[in-house]
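A.B. asks: Provided herewith is a single structure, encoded as structure tokens, for subsequent inquiry.
The values are calculated or read from the model by the stated rules, or taken from the named source; none is laboratory data. Bear in mind the structure is a predicted one, so any value in this text is a computation, not a measurement. When we count neighbours, we look across all protein chains shown, and the Cβ atoms used for this are built from the backbone with ideal geometry, even at glycine. Areas reflect the complete protein model, heavy atoms only, side chains present, ligands, DNA and RNA absent. Shrake-Rupley method; radii C 1.70, N 1.55, O 1.52, S 1.80 Å.
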Amino acid sequence: MASDTSIPDKSASFPRRFFAGVEHHLRIIGALILREMATRYGRQGLGFVWIVGEPLIFCFGVMILWSFTKSPYEHGIRLAPFVMTGYMSLIMIRHMISLLSSALQSNLGLLYHRRITPMHILSARIILELAGSTTAFLIVYLVLLSLEQVSLPFNYLLLYQGWFTLAWVASGLALVLAGLAMRFEVFERMIGLISYAMIPLSGVFFMVSWMPPSAQKIYLSVPFVHCVEMIRAAVFGEFVVTHYDPMYPIIWGACLNIAGLLLIAGAREHMASD
């Protein structure tokens, strides 16, 4: 797989070497994405469709279940779009954590190829999960829109910002956990527990405005909450009270991603010595 990728010519000009290097890394990541899809879902049958179909099934399943157990409106908010914005966000967070934390351990053999680095493997999984979650979110939105359960977003830019900032923070946390799991076995065993902890911590099943003012300040210290509130502000519009600071999760995401990259920097040597 990696033998087909050309190494940039060191005698070429800087711009040429730069773009050749970018192309070199993109080809490796693209090949790893195709390999990941074939390994996880097989070369026959649904393939990539299942990457989208899995969150779709769970999301609509939760909607159907809640429709029998809850009223059509929750604090004045329609049930279906509330579940959509919350559950699709939760799926991306939990998938990022679970898939990235085991990415290097399950692809240890690939690291023996000199041109493949841990970041190639992790980048491939991040792109694949983000693409699948985003496509699933779009399909759920279009289905609910056709059923007149939700209206068009009131603020498209805020929706994009909230969704991709959520992915930014989730990938950062996942990289930190992946780096810790490579060094301490206890963290590898705690990944499932941390993933479940995201259910109450991410703010996907209730809104900040529903909480007492004293609890709101504490809850808003979690960066994921700001992202979900941004998504809901974009979908529900101004008539729903939301609380968020756009820069807070961006800064948190930057810190987490940098910390994760530093932890993973010596991954090849560390894993080789185990």
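A.B. asks: Quick check on my filter: what residues within region 221-243 are in a loop (DSSP other than H, G, I, E, B) and within 17 Å of G76 (Cβ to Cβ)?
C.D. replies: If the condition is that a residue be in a loop (DSSP other than H, G, I, E, B) and within 17 Å of G76 (Cβ to Cβ), then G237, E238, F239, V240, V241, T242, H243 are the ones that fit.
A.B. asks: From the list A38, A2, A80, A31, which residue is at pLDDT below 70 and either exposed (fewer than 15 other Cβ atoms within 10 Å of the Cβ) or at negative phi (or both)?
C.D. replies: A2 is the lone residue from the list that is at pLDDT below 70 and either exposed (fewer than 15 other Cβ atoms within 10 Å of the Cβ) or at negative phi (or both).
A.B. asks: Still on this structure, I have one more. Just name the residue that is farthest from M207 (Cα to Cα) out of those in region 251-274 that are open to solvent by 60 Å² or more (accessible area, probe 1.4 Å) and modelled with pLDDT of 90 or more.
C.D. replies: In this case the residue turns out to be I258.
A.B. asks: Next up: Quick check on L193: is it assigned to a helix (DSSP H, G or I) and buried (at least 17 other Cβ atoms within 10 Å of the Cβ)?
C.D. replies: When the stated conditions are applied, L193 does not pass them.
A.B. asks: Evaluate region 201-220: report whether one residue or more is within 25 Å of P153 (Cβ to Cβ) and in contact with a Lys or Arg (Cβ under 8 Å, 6 or more places away or on another chain).
C.D. replies: Checking region 201-220: at least one residue is within 25 Å of P153 (Cβ to Cβ) and in contact with a Lys or Arg (Cβ under 8 Å, 6 or more places away or on another chain).
A.B. asks: Out of everything in region 229-245 that is hydrophobic (A, V, I, L, M, F, W, C) and touching a residue at least 60 places away in the same chain (Cβ under 8 Å), what residue ends up being surrounded by the fewest Cβ atoms within 10 Å (Cβ to Cβ)?
C.D. replies: Among those residues, the one meeting the criterion is V240.
A.B. asks: Let me ask something else about it. Looking at Y112, Y156, which one is open to solvent by 60 Å² or more (accessible area, probe 1.4 Å), under 30 Å from L26 (Cβ atoms) and free of Cβ contacts under 8 Å to residues at least 12 places away in the same chain?
C.D. replies: Checking each option against the conditions leaves just Y112.
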